[in-house]
Amino acid sequence: MADTAITTYLTKQIKVNQNIVTFRLLSRALSIHVNEAKAALESFYQADKKSGGGGSLHATYILTGEDITQKVESESMDVDGDQDLHDAPSPMADAIVPLKMLVVPEECLESCKSSFRSIRAIHIYSVEPSTFRDPSLLATTVDAVRKVDAARTQEELCTLGIPISKACK
C-alpha cells in the first residue's frame, strides 16, 4: 500500500479525530500485514517527533521476553527409584520458559526492560494523540478490530499475518 494512504489514514485518525491507533487496527483498516502496520506506525511516530511541530504524539510499546522474576525450574527424575512412572516429568519440561508481555508507555520503556531476563521482541503497539493516564483506553480499539475480523475470511486474515486455527471459534 502506498505510504501516502497510510500517512493520510494515520493523520486523520490520530491528529484530526484524536483516536488511538494500534498496529492491529491499522492492519485491519488498510488490509496490510501486521508487520507492515508496525513499521508504518513507528515511521509515522518518528516523523512526528522529528517535525517542527514538537512531536505532540505519544507511543505505547509492547515488550515480550523471559520474566526475570520467574524461576525456570528443572524437573528431573527421582534418583532413589521410588518415583512412579506416571509421575515422571516430561522430557520437554526443561524447554518450557515462562514468558511475559508488557504494554508500556514510551516514557517507561527503558525502565521496564530491566524486568526481563532476556527480551525477545520490542515493537510499537499504538500511537495516541497525547499521553493518557488510563491504559484501559487501549482496549477501545478491540471492538473495531473484531468487527473487521468478523467480516473477513480465514484466508484474508492469514494474508494479514493473523494466526488462525480451526480449533479457535
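The values are calculated or read from the model by the stated rules, or taken from the named source; none is laboratory data. Being a predicted model, the structure only gives us computed values, none of them experimental. We place every Cβ from the backbone using ideal geometry, glycine too, and count neighbours over all the protein chains shown. Accessible surface is based on the protein model in full, side chains and every heavy atom, while ligands, DNA and RNA are left aside. Shrake-Rupley method; radii C 1.70, N 1.55, O 1.52, S 1.80 Å.
The residues in segment 24-39 that are farther than 16 Å from residue 121 by Cα and surrounded by fewer than 20 Cβ atoms within 10 Å (Cβ to Cβ) can be counted, and the count is 4.
Pairs are defined by a Cβ separation below 8 Å, a sequence spacing of at least 6 or placement on different chains, a first member in segment 51-77 that is loosely packed, with under 14 Cβ neighbours inside 10 Å, and a second member that is hydroxyl-bearing (Ser, Thr, Tyr) and at pLDDT below 70; the pairs so defined are 75/90.
If the condition is being in a loop (DSSP other than H, G, I, E, B) and of a type in the set (Val, Ile, Thr), then segment 11-44 contributes 20, 32. Can you spot a residue in segment 40-47 that is at pLDDT 90 or above, open to solvent by less than 40 Å² (accessible area, probe 1.4 Å) and touching a Lys or Arg at 6+ places or on another chain (Cβ under 8 Å)? For segment 40-47, residues at pLDDT 90 or above, open to solvent by less than 40 Å² (accessible area, probe 1.4 Å) and touching a Lys or Arg at 6+ places or on another chain (Cβ under 8 Å): absent. Return the total of residues in segment 1-23 being at pLDDT below 90 and open to solvent by less than 60 Å² (accessible area, probe 1.4 Å). Qualifying residue count for the region: 1. Only one of the numbered conditions (1) at pLDDT 70 or above; (2) in a loop (DSSP other than H, G, I, E, B) is not met by residue 140, and that is (2). Just one of the listed residues (131, 140) is under 19 Å from residue 9 (Cβ atoms), over 13 Å from the mean Cα position of the chain (by Cα) and open to solvent by 50 Å² or more (accessible area, probe 1.4 Å), and it is 140.
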